[in-house]
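Here the structure is laid out as structure tokens; the discussion comes afterwards.
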Amino acid sequence: MNDPKATTPSASNKQFVQIVKFTMFSISAGVIQAVSFALLNETTRLPYWPSYLIALTLSVLWNFTLNRRFTFQSAGNIPKAMLLVALYYVVFTPASTLWGDALTGAGWNEYIVLAGTMVINFVTEFLFQRFVVFKRTMNTNDLAARKDADK
């Protein structure tokens, strides 16, 4: 006899898969952020903060799009989800820009500051997206529906 529990992924397995997907997409967003920051930092005379803000914006757009579709599989209201993510960044961006500018102004290496900031962003953004942005709309898009149909 088939045990339905044996074929249905547990909630902890689903969360683990979410964490892995979020990590992989965040790594790709991190590459986008690091490369765009490095290009701006090395080829322009911009100070740390505008280079950081441009690079951060590019990575956020990339990361949001992939995580909404594949990690959280949300069919929820996209403008609402984007607004919630924007609200996260209304807090994170000024704080990280200020601490980044202060640390680089105190002589810290720009790339060490960027790496530390990216780690803080990774952890806090996952928690915010998982428990606030997509809390009620996870596993509602066509990908999730196909997975359910395949069971």
Exercise. So which pairs qualify, if the first residue must be in the range 45-64 and without any contact (Cβ under 8 Å) to a residue 60 or more places away in the chain and at positive phi, the second must be assigned to a helix (DSSP H, G or I) and basic (K, R), the Cβ gap must be under 6 Å, and the two must be at least 6 apart or on different chains?
Worked result: none
Seminar exercise, completed: Conditions (1) hydrophobic (A, V, I, L, M, F, W, C); (2) within 30 Å of A11 (Cα to Cα); (3) at pLDDT 95 or above -> L58 fails only (2)
Problem set entry | Any hit, the range 72-95, residues being over 14 Å from A34 (Cα atoms), in contact with a Leu (Cβ under 9 Å, 6 or more places away or on another chain) and hydroxyl-bearing (S, T, Y) | yes
Problem set entry | Qualifying helices (runs of 4 or more DSSP H) (wholly inside the range 55-151; at least 2 residues being within 13 Å of the chain's Cα centre (by Cα)) | 78-105, 110-128
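Is it the case, given these coordinates, that Y111 is buried (at least 18 other Cβ atoms within 10 Å of the Cβ), over 22 Å from K21 (Cβ atoms) and either small (G, A, S) or at pLDDT below 95 (or both)? Walk me through how you get there before you give the answer.
Details: buried (at least 18 other Cβ atoms within 10 Å of the Cβ): no; over 22 Å from K21 (Cβ atoms): yes; either small (G, A, S) or at pLDDT below 95 (or both): yes.
Against the criterion (buried (at least 18 other Cβ atoms within 10 Å of the Cβ), over 22 Å from K21 (Cβ atoms) and either small (G, A, S) or at pLDDT below 95 (or both)), Y111 does not qualify.
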Exercise. So D101 fits all but one of (1) under 16 Å from F37 (Cβ atoms); (2) crowded, with 17+ Cβ neighbours inside 10 Å; (3) touching a residue at least 12 places away in the same chain (Cβ under 8 Å); what number is the exception?
Worked result: (2)
Exercise. Among the listed residues R146, R130, which satisfies the condition of being basic (K, R) and surrounded by 15 or more Cβ atoms within 10 Å (Cβ to Cβ)?
Worked result: R130
Exercise. Just checking, which of F70, F16 is modelled with pLDDT under 95, closer than 30 Å to D142 by Cβ and surrounded by fewer than 18 Cβ atoms within 10 Å (Cβ to Cβ)?
Worked result: F16
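The values are calculated or read from the model by the stated rules, or taken from the named source; none is laboratory data. For clarity, every value in this text was computed on a predicted model and none was experimentally measured. Note that each Cβ is placed from the backbone with ideal geometry, even for glycine, and that neighbours are counted across all protein chains shown.
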